[in-house]
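The values are calculated or read from the model by the stated rules, or taken from the named source; none is laboratory data. None of the values given here were measured: they were computed from a predicted structure. With ideal geometry, Cβ positions are generated from the backbone for all residues, glycine too; neighbour counts draw on all protein chains shown. Ligands, DNA and RNA are excluded from the accessible area calculation, which covers all protein heavy atoms including side chains. Shrake-Rupley method; radii C 1.70, N 1.55, O 1.52, S 1.80 Å.
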Amino acid sequence: MSRRLLCTALWLAACAAPAAAQTRAELSQRIARLTTAFARAETARLRADSAARARVTFDTIRAGPMRVLAARSIVRAVAPAVDSAWRALEATFGLSARIVGQETIAVQFWGQAEGNIPFDSPNTINLPAAPPTELVTRYVIQQGSRIVRQTEDTQLTSWLSPQFAPGGPALDRLDVVYVELATSPRSKARSCFVGDLVACRAALGLAGREDPVRAWYDAADRRAIVRRFGRLGGDVGRCQRDGPDEACEAALRLIPPEQLPRPLSPAAQLSLLQIVLDAGGPGAYDRLRSSAAAKHSIEERLALTARVASGDSLLSAWRAKVHAARPHTVEVSAGSAWAAVLWGVVLGFLALRSTRWR
Amino acid sequence: MFRQLLYTQWKWSRLVLLIICLASFALPLLSVQGVRPDDLGRFDIEQMLAGIQTWGLLYPILAAAAALILAMTTWGPDHRGKHIYALSLPIPRWHYALLRFGAGCVLLAAPVVAVWLGALVASAATRLPAGLEAYPTILAMRFALAALVAYAAFFAISAGTNRTAGIVLGVIGGLVVVQMILLVADTNINLVGPFMLQLFVWPGPLEIFTGRWMLIDV
């Protein structure tokens with residue numbers, strides 16, 4: 001009994017005493033020790049990675065100024081893709097494509113003969129085993145586009161948040177943009193759909209960037225967006241409880257302007273940029289990022305790039321292309337209907353001519 | 001005589017026809033389950049339309065299944081009775097086949113009407129998000145045309161001899177086998193592709209089966 005009491009007393013005493021590294025000084029010392037250990041481990045890892053890379057024989061594949069590093073066993077598979085990728089980059093970015101030469105891209109396949117090589121570069125492309133050439137090309141294009149994008153000015157990058165890459169889905173998926181434009185609950189997108197170019201400007205983020213809360217949304221939009229925030233207090237709660245529009249506006253202003261959702265998705269902006277570059281022809285991208293263009297607003301820059309008279313012409317062309325890409329609904333064309341009836345008659349006629357009873 | 005033939009065909013196929021009609025009525029209702037008129041983002045709308053499109057795959061399948069079942073039940077009893085009933089009638093064979101074809105087409109109208117009614121009910125009962133529209137009548141019309149083509153094809157095969165059916169199936173099967181051999185031999189020769197293009201691209205007979213079968217769309 002006394003032994004059990006003694007054990008309990010000792011256990012309580014142990015709990016009451018401060019644990020190791022519980023004081024501030026001890027904690028700081030421990031953090032410092034761990035930080036040093038982490039740095040040592042990181043240095044060791046880098047040394048080991050470097051040694052692992054040194055053991056592997058790499059080949060440098062060149063296409064224009066673009067340099068792509070690949071292990072010798074996969075060079076044959078990568079080289080044609082690099083060539084295609086460079087041609088695509090040059091066709092879209094013009095002289096600016098030469099920027100890709102500032103960095104080296106590394107490509108490796110899963111299961112390559114040299115094993116997985118640890119690269120310490122954001123320009124490393126890791127692909128599955130024996131990928132098709134088109135896949136390698138696409139990834140090299142994306143990586144190249146990323147390098148080019150790093151040198152774009154802030155006006156351009158803040159307008160177009162996603163990365164633009166040649167051969168991407170910007171034009172192929174205009175039907176998706178159509179669906180978005182037709183079904184968006186945001187007033188600016190709906191007005192744009194029916195032909196209001198001023199609304200198109202706001203919906204695409206070309207205008208109203210100084211005060212997006214008021215320029216991009218009407219009162220109903222603001223309330224609908226704030227309703228998606230989840231239950232919160234303050235202005236958010238007041239707006240959600242059908243309070244005045246001022247509360248909704250104040251709630252939206254809690255979000256940094258650059259993080260406010262635009263009435264239309266980045267896919268719509270990408271489609272506009274693709275149309276601009278297509279209309280502008282050779283050298284369009286160079287004009288877009290030239291220092292002379294950077295003095296203008298983003299809308300004027302796009303119009304100058306596309307070599308059109310005004311932003312209105314540009315937006316009208318974009319709208320026309322989006323409308324032309326409307327997905328085919330269930331509707332039956334007259335040709336299809338007549339073809340079906342005709343085939344029904346022909347096949348039925350074949351049945352009448354059957355030799356079953358002969 | 002048409003009425004008698006229609007009546008006999010109705011008797012032979014009424015149970016299975018009832019099941020097809022129920023499925024035809026239910027399909028549009030099921031396809032709009034995920035539709036809601038809330039404040040939806042781009043991905044919500046895309047997901048909703050993708051859901052409707054997935055259900056839409058069942059319309060051509062249902063049309064083909066209804067046509068196949070009706071074509072088989074149209075000729076089945078004749079085949080089993082060695083065509084004695086048909087031969088005892090004072091009409092030529094083409095006339096008899098025409099009456100059977102016509103009776104089958106009339107019965108095929110039942111699932112078409114069921115799809116139309118189901119689509120109308122589903123459209124009326126669903127509050128659509130802004131920008132989306134319902135297409136019940138066009139959907140039913142397309143279903144009718146697809147069912148007609150499939151019925152005519154299956155009717156022609158069923159009306160023929162086993163030898164004819166064997167030749168048709170043999171040609172299709174042979175084509176597939178040859179294509180597989182060519183694939184194994186690592187050649188780039190594509191025999192099935194052009195054949196399928198002829199079938200499924202206008203003015204091919206199966207073109208009506210392709211495309212988006214969407215009760216609700218932009």
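Summary of computed values
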| read-out | value |
| --- | --- |
| Qualifying residue in segment A:139-148 (condition: assigned to a helix (DSSP H, G or I), of a type in the set (Phe, Trp, Tyr), open to solvent by 10 Å² or more (accessible area, probe 1.4 Å) and within 13 Å of residue A:268 (Cα to Cα)) | no |
| Filtered residues of segment A:66-83 (kept if in contact (Cβ under 8 Å) with a residue 24 or more places away in the chain and open to solvent by 30 Å² or more (accessible area, probe 1.4 Å)) | A:67, A:69, A:72, A:73, A:77, A:80 |
| Spans of helices (runs of 4 or more DSSP H) in segment A:179-259 with at least 2 residues within 12 Å of chain B (Cβ to nearest Cβ) and open to solvent by 20 Å² or more (accessible area, probe 1.4 Å) | A:187-193, A:219-227 |
| Cross-chain or 6+ apart pairs with Cβ under 8 Å, segment A:185-210 first and free of Cβ contacts under 8 Å to residues at least 12 places away in the same chain, then assigned to a loop (DSSP other than H, G, I, E, B) | A:190/A:184; A:190/B:130; A:190/B:131; A:198/A:207; A:208/A:216 |
| Test: residue in segment A:166-174 that is touching a Cys at 6+ places or on another chain (Cβ under 9 Å) and surrounded by 22 or more Cβ atoms within 10 Å (Cβ to Cβ) | no |
| Residue check for residue A:276: within 14 Å of another protein chain (Cβ to nearest Cβ), open to solvent by less than 10 Å² (accessible area, probe 1.4 Å), under 30 Å from residue A:153 (Cβ atoms) and under 24 Å from the mean Cα position of the chain (by Cα) | no |
| Pair list, Cβ under 6 Å, 6 or more apart: segment B:1-29 residue open to solvent by less than 40 Å² (accessible area, probe 1.4 Å), other residue outside any helix (DSSP H, G or I) | B:28/B:215 |
| Only listed residue being touching a residue at least 40 places away in the same chain (Cβ under 8 Å) and closer than 30 Å to residue A:291 by Cα, chosen from A:153, A:49 | A:153 |
| Filtered residues of segment A:12-25 (kept if open to solvent by less than 80 Å² (accessible area, probe 1.4 Å) and either at pLDDT 90 or above or at negative phi (or both)) | A:13, A:14, A:17, A:19, A:23, A:25 |
| Top-ranked residue of segment B:109-136 - restricted to ones that are facing chain A (nearest Cβ under 10 Å) and of a type outside the set (Gly, Ala, Ser), ranked as farthest from residue B:56 (Cα to Cα) | B:129 |
| Verdict on residue A:120 being open to solvent by 30 Å² or more (accessible area, probe 1.4 Å) and touching a Leu at 6+ places or on another chain (Cβ under 9 Å) | yes |
| Odd one out for residue A:110 among (1) within 21 Å of the chain's Cα centre (by Cα); (2) loosely packed, with under 13 Cβ neighbours inside 10 Å | (1) |
| Residue list for segment A:297-334, restricted to those being open to solvent by less than 70 Å² (accessible area, probe 1.4 Å), part of a loop (DSSP other than H, G, I, E, B) and either of a type in the set (Ser, Thr, Tyr) or away from chain B (no Cβ under 14 Å) (or both) | A:297, A:308, A:310, A:329, A:333 |
| Complete set of residues in segment B:90-99 that are within 11 Å of another protein chain (Cβ to nearest Cβ) and either farther than 19 Å from residue A:353 by Cα or open to solvent by 40 Å² or more (accessible area, probe 1.4 Å) (or both) | B:92, B:94, B:95, B:98 |
| Members of segment A:279-324 that are modelled with pLDDT of 90 or more, farther than 20 Å from residue A:158 by Cβ and among the polar types (S, T, N, Q) | A:313, A:316 |
| Subset of segment B:39-58 (residues that are part of a loop (DSSP other than H, G, I, E, B) and in contact (Cβ under 8 Å) with a residue 24 or more places away in the chain) | B:40, B:57 |
| Tally of residues being within 7 Å of chain A (Cβ to nearest Cβ) and open to solvent by less than 10 Å² (accessible area, probe 1.4 Å) across segment B:202-212 | 1 |
| Test: residue A:152 is within 22 Å of residue A:277 (Cα to Cα) and among the acidic types (Asp, Glu) | yes |
| Criterion (under 19 Å from residue B:21 (Cα atoms) and not polar (S, T, N, Q)) met by exactly one of B:97, B:66 | B:66 |
| Any hit, segment B:159-171, residues being open to solvent by less than 20 Å² (accessible area, probe 1.4 Å), at pLDDT below 90 and within 10 Å of chain A (Cβ to nearest Cβ) | yes |
| Test result for residue B:61, within 27 Å of residue A:345 (Cβ to Cβ), under 15 Å from the mean Cα position of the chain (by Cα) and without any contact (Cβ under 8 Å) to a residue 24 or more places away in the chain | yes |
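So that you can scan it fast, the table gives a plain yes or no per residue for (1) crowded, with 20+ Cβ neighbours inside 10 Å; (2) at pLDDT 90 or above:
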| residue | (1), (2) |
| --- | --- |
| B:56 | yes, yes |
| B:68 | no, yes |
| B:88 | no, no |
| B:101 | yes, yes |
| B:117 | no, yes |
| B:147 | yes, yes |
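Yes/no per residue for (1) in a helix (DSSP H, G or I); (2) hydrophobic (A, V, I, L, M, F, W, C); (3) within 12 Å of chain A (Cβ to nearest Cβ):
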residue: B:8; (1), (2), (3): yes, no, no
residue: B:30; (1), (2), (3): yes, yes, no
residue: B:37; (1), (2), (3): no, no, yes
residue: B:63; (1), (2), (3): yes, yes, yes
residue: B:77; (1), (2), (3): yes, no, no
residue: B:101; (1), (2), (3): yes, yes, yes
